[in-house]
Amino acid sequence: MTTPTTTRTTPALAIAAGLLATLLVPAAQAVPADAGTAAAAVAPDIPVANVKAHLNQFSTIAANNGGNRAHGRPGYKASIDYVKGKLDAAGFTTSVQQFTSNGATGYNLIADWPGGDPNRVVFAGAHLDSVTSGAGINDNGSGSAGILETALAVSRAQYKPAKHLRFAWWGAEELGIVGSKHYVANLPRTERSKIAGYLNFDMIGSPNPGYFVYDDDPTIEKTFKDYFAGLGVPTEIETEGDGRSDHASFKNAGIPVGGLFTGASTRKTAAQARKWGGTSGQAFDRCYHSSCDTTANINETALNRNSDAAAYAVWALSS
Ligand code: TRP
Ligand code: ZN
């Protein structure tokens, strides 16, 4: 309402009001501007020591349970219990979804961070099962530990994202992406449509690593590429088998997907060794699906960079 009244202000008051305006207005505007545009910059650095501590726990779990963490074996359920315990203590809302595969009960662990727009979900996932031949520390303790520590960082920061955050650890990936397929198949159409993006982390600490980004949803892909560009680390498009991990379950339902990968049994070329270091003519992971996929089968630099990239993307895509 504008009433044309004549107001007289003393010069002193006018100066004081002007001063107040200069002091207060820009400050008041700066807060939302920062929160809106610079949120990605505040993604925390993920302590790689914490990620490695989770890998040591997975290693111990395998050692105490017949040497593996495979679907239908006690080491799998013990892995679920370990991850769930950490998330519950950190304030996540967790649920365990059961399914049957190959005559055995399988488990997916879903963890929601309370808050954010429920109609726009940013979702990060990793398969938690190993093959029967070993502990599965790179495949896929690495992705499981990387997103676990990202989730715990969300809690430490008491992050209040605009979008809703969900994390999942999938069962029976090694039997044909069974757990994630089960999850998506049982997700009502309306719930599927709320997932803004699914980010997959399957093998992110390969001992002779490459830095591969899934060539899928352009926004997710660019977010990961931007992170690595900021580190000065060149990336390549993931080509070692599209559809070979849990993102395929989401992609097949029309959900935007992306992810990171440091390589499995394909050999590193000379050109790749020049750009990334490591050994040309040797597999990215010589212990892929073998008993030697132990805590020794991890490149700490790759694990660190990819865990930080996971956090960066979770923050950037949800703010
Ligand atoms: N998902 C495979 C496994 O667990 C690993 C793998 C091979 C992979 N090629 C891939 C994962 C390409 C992601 C992308 O055995
Ligand atoms: Zn595997």
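Things worth noting here:
- Using θ = phi - 60° in the Karplus curve 6.51 cos²θ - 1.76 cosθ + 1.60, the 3J(HN,Hα) couplings for segment 46-52 round to 8, x, 5, 4, 5, 5, 5 Hz; x is entered for Gly and Pro.
- Mean accessible surface per residue for the chain, computed with a 1.4 Å probe while every protein chain stays in place, in Å²: 44
- FRET efficiency for the Arg267 to Ala229 pair, using the beta carbon distance and R₀ = 25 Å, is estimated at 0.45.
- Amide H contacts of Asp216 (H built 1.01 Å from N, under 5 Å, at least 5 apart or other chain): Glu221
- Of all aspartates and glutamates in the structure, those lying under 14 Å Cα to Cα from Lys77, and not within fewer than 8 positions of it along the same chain, are Asp129.
- Rounded if a/c under 1.5, otherwise prolate or oblate - segment 171-278, Cα gyration tensor axes: oblate
- Within segment 142-228, chymotrypsin sites (Phe, Trp or Tyr not before Pro) in DSSP loop having at most 13 other beta-carbon neighbours inside 10 Å: none
- Taking the 1.4 Å solvent-accessible surface of segment 131-264 as the whole, the part contributed by carbon and sulfur is 51%.
- Were the residues from Thr105 through Ser280 laid out at 0.36 nm apart, the gain over their Cα-Cα distance would be 58.9 nm.
- Separation of alpha-carbon centers, segment 207-276 and segment 132-148, rounded to whole Å: 17
- By the rule of a C-alpha distance below 20 Å, with chain neighbours fewer than 8 residues away ignored, the aspartates and glutamates paired with Lys194 are Asp112, Asp117, Asp216, Asp217, Glu221, Asp246.
- The stretch between His289 and Asp242 holds 15.1 nm of extra length on full extension. This uses 0.36 nm per residue minus the Cα-Cα distance.
- Listed by chain and number, the aspartates and glutamates whose alpha-carbon sits under 20 Å from that of Lys268, ignoring those within fewer than 8 places in the same chain, are Asp139, Asp202, Asp215, Glu236, Glu238, Glu240, Asp242, Asp285, Asp293, Glu300.
- Share of pairwise Cα separations in segment 232-318, more than 19 Å, in percent: 51
- Coordinate range along principal axes, alpha carbons of the chain, Å, largest first: 86, 45, 34
- Treating r as the C-beta distance of Ala53 and Ser193 and R0 as 45 Å, the FRET efficiency rounds to 0.75.
- Here the chain is assigned +1 on the Cβ of each Lys and Arg and -1 on the Cβ of each Asp and Glu. Its dipole about the Cα centre then comes out at about 400 debye.
- Gyration tensor verdict on segment 167-224 (Cα atoms; rounded if a/c is under 1.5, prolate if a/b is larger than b/c, oblate otherwise): oblate
- Shape of segment 61-194, Cα gyration tensor, a/c cut at 1.5: oblate
- Environment charge of Lys181, counting only residues whose C-beta is closer than 11 Å and scoring Lys/Arg +1, Asp/Glu -1: -2
- Cα lying deepest toward the dipole's positive end in the chain, options His71, Phe201, Asn186, charges on Cβ: Asn186
- Amide H partners (placed H, <5 Å) of Arg120, local residues excluded: His164
- FRET E, pair Asp88, Ala162, Förster distance 25 Å, beta-carbon r, rounded to 0.05: 0.50
The values are calculated or read from the model by the stated rules, or taken from the named source; none is laboratory data. The structure presented is a predicted model; accordingly, all values stated were derived computationally and were not measured. Neighbour counts are summed over all protein chains in view; Cβ atoms, including those assigned to glycine, are modelled from backbone coordinates with ideal geometry. Note: accessible area is taken over every heavy atom of the protein model, side chains too, but ligands, DNA and RNA are not part of it. Shrake-Rupley method; radii C 1.70, N 1.55, O 1.52, S 1.80 Å.
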